[in-house]
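To start, the structure under review is shown below, and the notes come after it.
The values are calculated or read from the model by the stated rules, or taken from the named source; none is laboratory data. The shown structure was predicted, so the numbers you read here are calculated from the model rather than taken from an experiment. For neighbour counting, all protein chains shown are included, and Cβ atoms are generated from backbone atoms with ideal geometry for every residue, glycine included. Only protein heavy atoms, including side chains, enter the accessible area calculation; ligands, DNA and RNA are left aside. Shrake-Rupley method; radii C 1.70, N 1.55, O 1.52, S 1.80 Å.
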Number of protein chains: 2
Amino acid sequence: MKSTASTSEKILDIAQSLIVAGGYNGFSYADISAAIGIRKASIHHHFPTKAELVSVLVSRYRQQTEAGLKSLREEISSPAEQLQSYMNYWHSCIRDASLPFCLCAMLASEMQMLPEEVASRVRAHFHGLAEWLTSVLQAGVEQDLFRLDKRPEEEAQILMASVHGAMLSARAFGDPELFIAIVAPQLASLRISDSRKLRG
Amino acid sequence: MKSTASTSEKILDIAQSLIVAGGYNGFSYADISAAIGIRKASIHHHFPTKAELVSVLVSRYRQQTEAGLKSLREEISSPAEQLQSYMNYWHSCIRDASLPFCLCAMLASEMQMLPEEVASRVRAHFHGLAEWLTSVLQAGVEQDLFRLDKRPEEEAQILMASVHGAMLSARAFGDPELFIAIVAPQLASLRISDSRKLRG
DNA sequence: ATTAGACTACCTACTAGTAGGAAGATAACA
DNA sequence: TGTTATCTTCCTACTAGTAGGTAGTCTAAT
């Protein structure tokens with residue numbers, strides 16, 4: 001149940017963990033070569049250039065994310081809990097260093113020097129995520145669970161930026177609880193609390 | 001008033017702008033050489049190794065920051081305005097791309113792969129900043145301007161992580177106003193508003 | 001006379017990327 | 001059935017260029 005991964009998938013897996021650790025300029029074909037035990041040239045066979053390798057990687061990451069978010073909306077009915085579950089996912093990833101860190105959060109901080117083909121895919125990932133968040137917020141408003149100060153698209157953008165910023169900070173400062181400390185109050189401020197509901 | 005900068009200072013200046021743009025692995029001695037018109041070997045004369053160059057740079061950055069924060073506290077009496085002024089500084093830097101971006105925010109996202117001597121200085125910078133924020137928050141509490149949910153040190157840590165995360169996000173998403181949108185509500189939630197004061 | 005700061009010239013290690021070939025699997029066909 | 005052709009995957013061996021860093025020299029100011 002482990003060796004079923006194809007070589008190209010293994011290459012992508014390793015590349016992902018290397019980028020998450022050290023960014024786009026922080027890894028080389030030689031690193032991947034050493035990690036999975038095939039020659040550099042063989043990696044070039046699967047991914048002719050580095051920019052292409054990372055482009056494919058970001059596309060895969062985006063697909064996985066979209067799938068995850070979709071199933072999240074299908075399996076959890078309450079928008080509030082969908083959002084909470086999304087945060088919990090990242091919280092657990094940050095707490096347990098063996099779990100993945102957000103690929104695009106890392107690449108985002110290098111946006112300025114990424115090859116354009118990579119940068120545009122990173123932007124696409126965030127665009128998709130923002131759409132998801134927007135629709136969750138919108139659903140929450142309709143179900144009288146959330147009250148927003150701004151338009152849903154704006155609130156989604158803020159939330160997304162905040163989550164990714166918090167993620168980077170929590171890791172940099174080596175304190176996973178920072179993530180929750182930053183994100184939780186923002187989540188709470190969206191929610192129409194039970195007491196507020198009862199009163200209003 | 002421009003050519004008064006020594007060569008080593010010029011080297012540090014260029015290195016800073018290069019790191020801010022592309023991170024630790026995103027620049028080379030050759031880049032600096034090309035930018036200020038001296039040979040690579042001459043840069044090695046001033047800074048034998050890259051790790052040392054960046055270490056000195058971070059130290060300089062820390063000193064500049066401490067000086068700036070100190071004068072901020074001297075020139076502005078109200079803790080609330082000190083904090084506001086600190087945020088405004090970064091907001092204007094993000095809005096105007098020609099102004100500097102936070103060196104340590106950038107390096108923080110690469111923390112895992114920085115040479116230890118660099119990483120420890122980055123941590124030192126953040127430690128100093130956290131102390132400043134803590135004392136401002138504390139002063140604010142004593143003057144009945146702020147009400148904190150947690151201990152001042154914790155609130156300072158959260159605020160610091162949040163500011164730097166927001167900074168990275170705002171730049172990555174190319175939307176300077178994201179910075180304010182994330183940070184302002186947090187600042188507001190610390191403040192005891194006039195209305196609250198009148199009531200309480 | 002010493003020294004700081006620049007230089008030329010070089011080194012080794014590593015970077016992404018290429019050329020060309022060997023081994024095995026698959027499919028086509030006589 | 002055996003044979004041939006094709007495709008995939010990996011390999012060895014290589015390239016040009018860049019990385020950080022070193023050795024030794026020239027020059028001008030202290």
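I need every pair where a residue in the range B:32-55 that is away from DNA strand C (no atom under 13 Å from the Cβ) and hydroxyl-bearing (Ser, Thr, Tyr) has its Cβ under 8 Å from the Cβ of a residue that is open to solvent by 40 Å² or more (accessible area, probe 1.4 Å) and assigned to a helix (DSSP H, G or I), sequence separation at least 6 or different chains.
The qualifying pairs are B:Ser55/B:Glu117; B:Ser55/B:Arg121.
If you go through the range A:132-151 one residue at a time, how many are outside any loop (DSSP other than H, G, I, E, B) and either among the hydroxyl-bearing types (Ser, Thr, Tyr) or within 14 Å of chain B (Cβ to nearest Cβ) (or both)?
Qualifying residue count, the range A:132-151: 3.
Go through the range A:2-31 and give me each residue that's in a loop (DSSP other than H, G, I, E, B) and either within 8 Å of DNA strand C (Cβ to nearest atom) or within 29 Å of A:Ile94 (Cβ to Cβ) (or both). Full working, then the answer.
We begin by selecting, within the range A:2-31, every residue in a loop (DSSP other than H, G, I, E, B); these are A:2-6, A:23, A:27-28.
Those that are in a loop (DSSP other than H, G, I, E, B) and either within 8 Å of DNA strand C (Cβ to nearest atom) or within 29 Å of A:Ile94 (Cβ to Cβ) (or both): A:Lys2, A:Thr4, A:Ala5, A:Gly23, A:Phe27, A:Ser28.
Kindly indicate the residue of the range A:53-79 that is polar (S, T, N, Q) and in a helix (DSSP H, G or I) and also surrounded by the fewest Cβ atoms within 10 Å (Cβ to Cβ) among those meeting that condition.
First, the residues of the range A:53-79 that are polar (S, T, N, Q): A:55, A:59, A:63-65, A:71, A:77-78.
So of that shortlist, the ones also in a helix (DSSP H, G or I) come out as A:55, A:59, A:63-65, A:71.
On the way: A:Ser55: 21, A:Ser59: 14, A:Gln63: 12, A:Gln64: 12, A:Thr65: 17, A:Ser71: 10.
So, considering only residues that are polar (S, T, N, Q) and in a helix (DSSP H, G or I), the one surrounded by the fewest Cβ atoms within 10 Å (Cβ to Cβ) is A:Ser71.
Which count do you get for residues in the range A:80-102 that are within 13 Å of chain B (Cβ to nearest Cβ), open to solvent by less than 60 Å² (accessible area, probe 1.4 Å) and among the aliphatic types (A, V, I, L, M)?
Here the count works out to 1.
What's the number of the only condition in (1) part of a helix (DSSP H, G or I); (2) within 27 Å of B:Pro176 (Cα to Cα) that B:Leu99 fails to meet?
Failed condition: (1).
Would you pick out the residues in the range A:49-73 that are among the hydroxyl-bearing types (Ser, Thr, Tyr), more than 16 Å from A:Leu107 (Cβ to Cβ) and under 14 Å from the mean Cα position of the chain (by Cα)? Step through it out loud before you land on a result.
Going through the range A:49-73, the residues among the hydroxyl-bearing types (Ser, Thr, Tyr) turn out to be A:49, A:55, A:59, A:61, A:65, A:71.
Still in the running and more than 16 Å from A:Leu107 (Cβ to Cβ): A:49, A:71.
Selection gives nothing.
Mind listing just one residue for me: the one in the range A:108-125 that is in contact (Cβ under 8 Å) with a residue 60 or more places away in the chain and at the interface with another protein chain (Cβ under 9 Å from one of its Cβ atoms) and, of those, surrounded by the fewest Cβ atoms within 10 Å (Cβ to Cβ)? Give the derivation first.
Just the residues of the range A:108-125 that are in contact (Cβ under 8 Å) with a residue 60 or more places away in the chain, to begin with: A:109-110, A:113-115, A:117-118, A:121-122, A:124-125.
So of that shortlist, the ones also at the interface with another protein chain (Cβ under 9 Å from one of its Cβ atoms) come out as A:109-110, A:113, A:122.
Details: A:Ser109: 23, A:Glu110: 25, A:Met113: 17, A:Val122: 24.
This residue is A:Met113.
Which residue out of B:Gly140, B:Gly128 is open to solvent by less than 60 Å² (accessible area, probe 1.4 Å), at pLDDT 95 or above and more than 25 Å from B:Gln63 (Cβ to Cβ)?
Values: B:Gly128 fails: more than 25 Å from B:Gln63 (Cβ to Cβ).
Result: B:Gly140 is the single residue among B:Gly140, B:Gly128 that is open to solvent by less than 60 Å² (accessible area, probe 1.4 Å), at pLDDT 95 or above and more than 25 Å from B:Gln63 (Cβ to Cβ).
Can you pull out every residue in the range A:5-43 that is more than 14 Å from chain B (Cβ to nearest Cβ), of a type in the set (Asp, Glu) and away from DNA strand D (no atom under 12 Å from the Cβ)?
Our first condition is that a residue be more than 14 Å from chain B (Cβ to nearest Cβ); within the range A:5-43, this holds for A:5-16, A:29-30, A:32-43.
Checking the rest, the ones that are also of a type in the set (Asp, Glu) come to A:9, A:13.
Passing the criteria: only A:Asp13.
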